[in-house]
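Worksheet: one structure, shown below.
The values are calculated or read from the model by the stated rules, or taken from the named source; none is laboratory data. Since this is a predicted model, take the numbers as computed values, not measurements. Ideal geometry is used to build each Cβ from the backbone, glycine not excepted, and the neighbour counts take in all protein chains shown. The area values use the complete protein model at the heavy-atom level, side chains included, leaving out ligands, DNA and RNA. Shrake-Rupley method; radii C 1.70, N 1.55, O 1.52, S 1.80 Å.
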Amino acid sequence: MKKILFLALMLGLSGCGENSSSDVSSPITQSNELSQSSQSQVSMARSLSAYSISVPFGGWSLSNPTAVGASVLYDGTKGSLTSSALVTADTVEVAKVLRGGAAGIALLIAVEQLLGAVDWILDPANNQIKYKVYPDGVDPIYEYQSQTTRITYQSMSDLCKADYKYLFPDLDYGGCRIHPLNHGLVEVLVSYQGAIINNSVVGFVISRTKPLEKDEKTLSLETIAQQVISNAESGSLDAQVATMAAAAQIVADAAEDDELAQPIVDDLEANANKCDPRKDENCPPECDPPAGVKFNKVTHYEKHGRDPDPNAGSHGCMAKTGSPIHWHYDVNNQLPDGRCILKGHNFGGCGVAP
């Protein structure tokens, strides 16, 4: 009970996440409801920094939690000493917040970034979401009939490639499209040395008589949490709702466990009475490279980690782009108290590092 009350105070409200359903339906059906709650969640993110709760950590008292990217900076006092401690939640801890429904907007945004507009529900018992997609990207509404061979194709691309090989074997394939003036016709674009030289009608669209059933797939909440953390690093208030709630839980657990509290105490001791640029304009800058500059960029061409799910090892890139290729980077964060904190191996995005 002590931990629950403490966490409620740190978050500035009681029962955070208890009013949310354990099943979050698809972004399409839930968008209006979540949009209505967005303002309250943004207000929550802004108001978290207004609460000053004194909690003993080895003689130190913590107060004034403030979001710094995906981390939370706490002010610390012990007698005449002042200090600060930075608390950063990992994907496991942020996933717990998402599972509890305390950051619905952050979850919604991250899923759409990773998977696009798909139907999904939260599966908290298995620490994942379930989503449905059409098999192999096949269009659920139409199928396509060839004009040359009278074969029905499930996708426009399959139709164009087949008829292109039949009609233009010595020229280059330039792509496929619906006829711009007659949307019932399909055109193949023919190119030579990189330039489109012809476009020819190769088939037409026919309505599908029986819509395809969607395949059900899953994506772990830890993979989604990584995207939420990345969004929080970029300054998203909705994402910071999740990372601040996770940090508050870390502090709540540490308040009852000396071993968990020790890293926070060590941070407070190490930064006691350090030059604070908020109070002294002569405090020298410490970051090299400067804060915010991405460096040590690394491209991963395969998934990493022990999880067999290729999405978990590619930060969702496998589901989003069809390839596990993604990149990471290091960056320095200049904290309000003057410290320079290295944030290592941040997820940069899908594809090869720029």
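Here are some notes:
- Put simply, of Ile141, Ile196, Ile206 the only residue that is in contact with a Leu (Cβ under 8 Å, 6 or more places away or on another chain), at pLDDT below 85, aliphatic (A, V, I, L, M) and open to solvent by 30 Å² or more (accessible area, probe 1.4 Å) is Ile196.
- Within the stretch 292-315, restricting attention to residues that are at pLDDT 80 or above and open to solvent by less than 50 Å² (accessible area, probe 1.4 Å), the residue that is nearest to the chain's Cα centre (by Cα) is His315.
Per-residue answers, yes or no, for (1) at pLDDT below 85; (2) within 18 Å of Glu143 (Cβ to Cβ); (3) not in a loop (DSSP other than H, G, I, E, B):
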residue	(1), (2), (3)
Asp158	no, yes, yes
Ala162	no, yes, yes
Pro169	yes, no, no
Arg177	no, yes, yes
Val186	no, yes, yes
Ser191	yes, no, yes
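- Some residue of the stretch 229-242 being open to solvent by 60 Å² or more (accessible area, probe 1.4 Å), more than 30 Å from Asn64 (Cβ to Cβ) and within 33 Å of the chain's Cα centre (by Cα): no
- For the criterion of being farther than 18 Å from Thr66 by Cα, of a type in the set (S, T, N, Q), in a helix (DSSP H, G or I) and open to solvent by 20 Å² or more (accessible area, probe 1.4 Å), Gln249 fails.
- Residue within the stretch 253-276 that is loosely packed, with under 13 Cβ neighbours inside 10 Å, in contact with a Lys or Arg (Cβ under 7 Å, 6 or more places away or on another chain) and either of a type in the set (D, E, K, R) or in contact (Cβ under 8 Å) with a residue 24 or more places away in the chain (or both) present: yes
- Taking the stretch 76-132 as the range and being closer than 20 Å to Ala232 by Cβ, charged (D, E, K, R) and not in a loop (DSSP other than H, G, I, E, B) as the test, the residues that pass are Glu93, Lys96, Arg99, Glu112.
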